[in-house]
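Any read-out appearing in this document is the output of simple, stated calculations on the displayed coordinates, not a laboratory observation. None of these values were measured; they are calculated from a predicted model. Don't worry about glycine lacking a Cβ; one is built from the backbone with ideal geometry, like all the others, and counts go over all protein chains shown.
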Amino acid sequence: MKALRRHWPRIAITLLPVLLALAHSTGAWRLGAIDRLDHLVYDTRLRATMPRTLDPRVVIVDVDDASLTRQGQWPWSRDKLARLTEELVGRQQVAVLGFDVMFIEPDRSSGLDKLRQIASGPLRDMPGLAAGIERLAPALDNDATFARALEGRRVALGYYFTRTEKPSAKGQLPATPLLQPEAFPPGHAYATAWNGFGANLPVLADAAPASGFVNTLVSSAGDGVIRAAPLIARYEGDAERPGYYESLGLAVYRLANGRPPVLPAFASGGAAPRLQSLLVGRLRVPVDETASMQVPFRGPGGANGGSFRYVAAADVLEGRLAPGELKDKIVLVGATAPGLQDLRATPVGAGFPGVEVHANVVSAMLDHRLLAVPDYAAGYEVLSLLAAGLVLALGLSLLPATRALLLGIATVAALVGANAWLYQDHGLVLPLAASLAMAALAFVLNMGWGYFIESRERRGLVRLFGTYVPPQLVDEMLTDPGRYSMHAESKQMTVMFCDMRGFTRLSEQLAPAELQAFLNTLFSRLTNVISAHRGTVDKYMGDCVMAFWGAPVDTPDHATLAVRAALEMAHTVRDINQAQRAIGRPEISVGIGINSGVMCVGDMGSVARRSYTVVGDAVNLASRLEGLSAHYGVEIVASGATRELAPGCLWQELDSVLVKGKAQAVAVYTPLAADTDQAQGPAAEQRSQHLQRWAQVLEAYRRQDWAVGRTLLDPLLAADAKKVLYQLYAQRLASMALRPQDPEWDGATRFETK
């Protein structure tokens, strides 16, 4: 919760794209750019998942440039189309034949109209001429010839609908619509509505068993791309023939499957029933609000696209195909010649043959490979936005940059993966663009806020504390830079002074450059130890290092960390002395004073020069204790306050002292080990016995029982005669034995100098 409160501005700025995307998804504020991106995602996904395999069941007889060169310009005479039909239905034995071609105007290429004009004109007086011409009319009428070729065959003709202010109707629609208006609930549009048409001649419309419109709808994105094909359309321009008519693709599919009935299926809920699908026999075809199905294109279009076999119409007319070569195939006759203007823009190509759009519709229905835009698509998008938005808002704001980047990539991958899985395995077309745009914008805004706002605070924090505080503590401070400042505050801390003994003698034997190199090495190693134990280096004072624990980062175990650092620093100096002995240089020793207590920490100094430091009586005491280390022959002297805050260390009491500037005596100790748990074995047992005896020595000394104290001390001197501490107390006990007991004596040793 603390992290959430700290980062709430960054979380809020990251949630802004989520709100914008939700406004788009719910329709409160549609963004055209998101819609265009969604269509781009749809097209990319479609191209990536196309089977790109040949469907041998569907063949396209192509009126291409080569056919026009060999058979003459379009339109061809109807007797030629009759021969094409006879060849396909008779000799080739195709299952179904569909014409993506309209026959709106009569064929006048036979000359029958010219003969009738002559018979009613200059030769009208010739007896029986007009009657003879009419007897020959069926043989001379190309339209009638074509109609006879269509009769009794499974052939579907194409036509188109129009919608204009002044409706026009040419040709003849099918005798009855596929669905009557009564099949749909009133008061709502369930398909595209048209008021005019351009259909086939009545003689042809009556002869063909089926007809279907060839209209295609461009995408609502306004890019002119065909992504869906209407299966039914509503005609409302003729009071005698209102209703819903089928498309050419649906008509061809139904002819190939015994013309099953078509029934609309509606989704309940909402203000009005929503057309959800069309039941074509047992096949359920999902449709959208325009009664269109999403066209799952098989692959690139054209003769070289590989989705369908293309046969030149001229080859069929000239009998170049073996008999029965197209047996039981579904054949669509269409034009790919550029001059005939039947090329369309689709997601898989800009010059896609219009006839192949219908072929893809038929192929998809045969395979049951259908795509659906479910009625819960908007709800899915809202849930995706909320889930991904919350994950990004929290994760990007709370995680480090590298993990935040990985989280962003993982979130986008999850969105894309789920969308692709639902599309590929279940045929569901669900929106993705709003989620992708939201994720990208949320990442940019979040990273921008982190860099320009929070990084500025962090850089300021590094400038303030970087030279004082260990890098690991700076990293902790960067998680909440607002908590830290250079303002002075009083808090419980531990401070250390570390002074070098024998430095003067060393400096006399070294050149300035050598001395500088030695000091740099020494201070670097000691500073590394302090940093490793989470300490803050205050300053270097000649041959002395000052450090403290507990600021600027709160450190509850500051005393324990300081003691452990002091022990390791003493060990480091011993290692350095070993190297000094190896090269014949004098050794140095270390004196460390440690004290814990309330002290003031902050940015202090003059206008010209300031530093982040600690001041107070507790600091002064630590400085005094550092000076006592040589007196007691130990490397580290710590106060009783530090000992109480570091009970896990192994301690030996040294004395009770009154240092300069203090009115009360202070118990002082030296740490023997950083962790009492490490004291195991015979040596540890012996040390424990020595410490117990030493405590008895101090007790006898403080009650002025000099003889007992000396008796207790003798075994310790025998075991460690060189120990300065034992020698010091041996001298004290010897001198005290000559004096009578003092009832006002408190056992404290007074030091008037540092």
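Which angle between 0 and 90 degrees, to the nearest 10, do you get for helix 32-49 versus the longest principal axis of the chain when only C-alpha atoms count?
So the helix axis and the longest Cα principal axis differ by about 80 degrees.
Count the net charge of all other residues whose Cβ sits under 11 Å from the Cβ of Leu150, scoring Lys and Arg as +1 and Asp and Glu as -1.
Details: positive: Arg78, Arg148, Arg153, Arg154; negative: Glu86, Asp143, Glu151, Asp206.
So the environment of Leu150 carries a net charge of 0.
What ³J(HN,Hα) values, in whole Hz, does the Karplus curve 6.51 cos²θ - 1.76 cosθ + 1.60 give for region 668-675 when θ = phi - 60°, with x put for Gly and Pro?
Karplus-based 3J(HN,Hα) across region 668-675 equals 10, 9, 10, x, 9, 8, 6, 8 Hz.
So what's the convex hull volume per residue for the Cα atoms of the chain, in Å³? Intermediate values should be presented prior to the final figure.
Working: hull volume 231.6 nm³, N = 754.
Given the Cα convex hull of the chain, per-residue volume reads 307 Å³.
How much FRET efficiency would the formula 1/(1 + (r/R0)^6) give for Ser168 and Ala378, where r is the Cβ-Cβ distance and R0 is 30 Å, rounded to 0.05? Write down the numbers at each step before the final one.
On the way: r = 39 Å, r/R0 = 1.30.
Result of the calculation: an efficiency of 0.15.
Would you kindly state how much longer the chain becomes between Trp745 and Ala387 on full extension, computed as 0.36 nm times their sequence separation minus their alpha carbon distance, in nm to one decimal?
Values: separation 358, 0.36 × 358 = 128.88 nm, distance 7.60 nm.
Contour length minus the Cα-Cα distance gives 121.3 nm.
Using a 10 Å cut-off around each Cβ, can you sort Asp38, Asp65, Asp575 from fewest to most neighbouring Cβ atoms? Write down the numbers at each step before the final one.
On the way: Asp38 21, Asp65 15, Asp575 10.
Least to most surrounded, the residues fall as Asp575, Asp65, Asp38.
How would you rank Leu445, Leu406, Leu396, going from fewest to most other Cβ atoms within 10 Å of each one's own Cβ?
Details: Leu445 17, Leu406 13, Leu396 27.
Lowest to highest Cβ neighbour count: Leu406, Leu445, Leu396.
Return one quarter of the surface area of the convex hull spanned by the alpha-carbon atoms of region 508-590, equal to its mean projected area, in nm². Spell out each step's value before the answer.
On the way: hull surface 22.3 nm².
For region 508-590, averaging the hull's shadow over all directions gives 5.6 nm².
So which of Lys539/Lys722; Lys539/Lys660; Lys491/Lys723; Lys491/Lys539 end up more than 27 Å apart, counting from Cα to Cα? Provide the component values of the computation, followed by the final result.
On the way: Lys539/Lys722 35 Å; Lys539/Lys660 23 Å; Lys491/Lys723 37 Å; Lys491/Lys539 20 Å.
Pairs exceeding the cut-off: Lys539/Lys722; Lys491/Lys723.
For a quick size check, give me the Cα extents of region 139-271 along its three principal axes, largest first, whole Å.
Principal-axis extents of region 139-271 (Cα, largest first): 59, 36, 32 Å.
First measure r as the distance between the Cβ atoms of Asn528 and Trp29, then evaluate 1/(1 + (r/R0)^6) with R0 = 45 Å and state the FRET efficiency to the nearest 0.05.
About 0.15, to the nearest 0.05.
Take the alpha-carbon centre of region 704-722, take the same for region 8-32, and report the distance between them in whole Å.
A separation of 82 Å, based on Cα centres.
State the answer as a single residue: which of Ser629, Leu519, Leu650 lies farthest towards the positive end of the charge dipole of region 490-674, with beta carbon charges of +1 for Lys and Arg and -1 for Asp and Glu, about the Cα centre.
The one lying farthest along the dipole's positive direction is Leu519.
No solvent, one uniform scatterer per C-alpha: report log10 I(q)/I(0) for region 267-414 via the Debye equation at q = 0.11, 0.16, 0.20, 0.21 1/Å, two decimals.
-0.70, -0.99, -1.19, -1.25
How large is the helix-only mean residue ellipticity at 222 nm for the chain, computed as the sum of -39500 (n - 2.57) over DSSP H runs with n ≥ 4, divided by its residue count, in deg cm²/dmol to the nearest 500?
-14000 deg cm²/dmol
Report Rg/Rh for region 58-367, rounded to two decimals, where Rg is the Cα radius of gyration and Rh the Kirkwood radius. Numbers along the way, then the final one.
On the way: Rg = 20.7 Å, Rh = 20.6 Å.
Rounded to two decimals, Rg/Rh equals 1.00.
Measure off 7 Å from each Cα along the Cα-to-Cβ vector at Ala401 and Ala66, then give the distance between these two points in nanometres to one decimal.
Each label point is offset 7 Å from its Cα along the Cβ direction, giving 6.2 nm.
Kirkwood hydrodynamic radius, region 490-674, all distinct C-alpha pairs: what's the number in Å? Display every interim value, and only then the final one.
Working: mean 1/r = 0.0596 Å⁻¹.
Kirkwood hydrodynamic radius for region 490-674: 16.8 Å.
Sort Lys80, Lys539, Lys170 so the one with the fewest other Cβ atoms within 10 Å of its own Cβ comes first.
Working: Lys80 19, Lys539 12, Lys170 16.
Lowest to highest Cβ neighbour count: Lys539, Lys170, Lys80.
Starting from the amide H of Phe308, placed 1.01 Å from N in the peptide plane, find each other amide H under 5 Å away whose residue is 5 or more places distant or on another chain.
HN-HN under 5 Å from Phe308: Asp55.
Treating the angle as unsigned and between 0 and 90°, give the value, to the nearest 10°, between the Cα long axis of helix 706-719 and the longest Cα principal axis of the chain.
Orientation of helix 706-719: about 60 degrees from the principal axis.
Give the whole-number value, in cubic angstrom per residue, of the convex hull volume spanned by the C-alpha atoms of region 591-750. It would help to have the intermediate numbers written out before the result.
On the way: hull volume 21.2 nm³, N = 160.
Considering the Cα atoms of region 591-750, their hull volume per residue is 133 Å³.
Taking H placed 1.01 Å from N in the peptide plane, check which residues at least 5 places from Val333 or on another chain put their amide H under 5 Å from its amide H.
Excluding prolines and chain starts, which carry no amide H, the hits are Val61, Gly98, Phe99, Asp100.
Please give the contour-minus-distance gain from Ala684 to Ala630: 0.36 nm per residue of separation, less the Cα-Cα distance, rounded to one decimal in nm.
On the way: separation 54, 0.36 × 54 = 19.44 nm, distance 2.56 nm.
Extra length available between Ala684 and Ala630 comes to 16.9 nm.
Using alpha-carbon positions, what is the distance between the centroids of region 535-579 and region 304-373, in Å?
Centre-to-centre (Cα) distance: 85 Å.
In whole Hz, with x marking every Gly and Pro, tabulate ³J(HN,Hα) for region 320-332 from phi via Karplus 6.51 cos²θ - 1.76 cosθ + 1.60, θ = phi - 60°.
With the stated coefficients, region 320-332 comes to 7, 8, 5, x, x, 4, 10, 4, 6, 8, 8, 10, 10 Hz.
Which FRET efficiency, nearest 0.05, do Glu151 and Arg369 yield, Cβ-Cβ r, R0 30 Å?
Details: r = 34 Å, r/R0 = 1.14.
The computed FRET efficiency comes out at 0.30.
Could you tell me which GluC sites (Glu not before Pro) in region 145-190 are loop residues by DSSP with no more than 16 other beta carbons within 10 angstrom of their beta carbon? Before the final figure, lay out the partial values.
Numbers: sites: Glu151, Glu165, Glu182; in loops: Glu151, Glu165.
Here the sparse-neighbourhood loop sites are Glu151, Glu165.
Taking 7 Å along the Cα-to-C-beta vector as the label spot, tell me the His188-Val416 distance in nanometres, rounded to one decimal.
Calculated label separation equals 3.7 nm.
If a/c stays under 1.5 just call it rounded; otherwise compare a/b with b/c (prolate if a/b is bigger, oblate if not). Do that for region 680-745, with a ≥ b ≥ c from the square roots of the Cα gyration tensor eigenvalues.
Prolate, because a/c is 1.5 or more and a/b exceeds b/c.
Considering only Leu383, Leu263, Met604, whose Cα is most displaced toward the positive end of the charge dipole of the chain, charges sitting on Cβ of Lys, Arg (+1) and Asp, Glu (-1)?
Checking the options against the dipole of the chain, the answer is Met604.
Under 5 Å between amide hydrogens, which residues at least 5 positions from Gln652 or on another chain qualify, with H placed 1.01 Å from N in the peptide plane?
It is Thr670, Leu672, by chain and number.
What is the angle, in °, between the Cα long axis of helix 129-140 and the longest principal axis of the Cα atoms in the chain? Nearest 10 is fine, range 0 to 90.
Around 30 degrees separate the two axes.
Only loop residues by DSSP count here, and only those with at most 13 other Cβ atoms within 10 Å; note down the GluC sites (Glu not before Pro) in region 656-754 that meet that. Walk me through the intermediate numbers first.
Values: sites: Glu685, Glu699, Glu744, Glu752; in loops: Glu744, Glu752.
For GluC sites (Glu not before Pro) across region 656-754 that sit outside H, G, I, E and B with at most 13 neighbouring Cβ atoms in 10 Å, the list reads Glu744, Glu752.
For region 565-665, how big is the tail of P(r) above 21 Å, as a whole percent of Cα pairs? Write out the running numbers ahead of the final one.
Details: 2392 of 5050 pairs.
Result for the distance tail: 47 percent.
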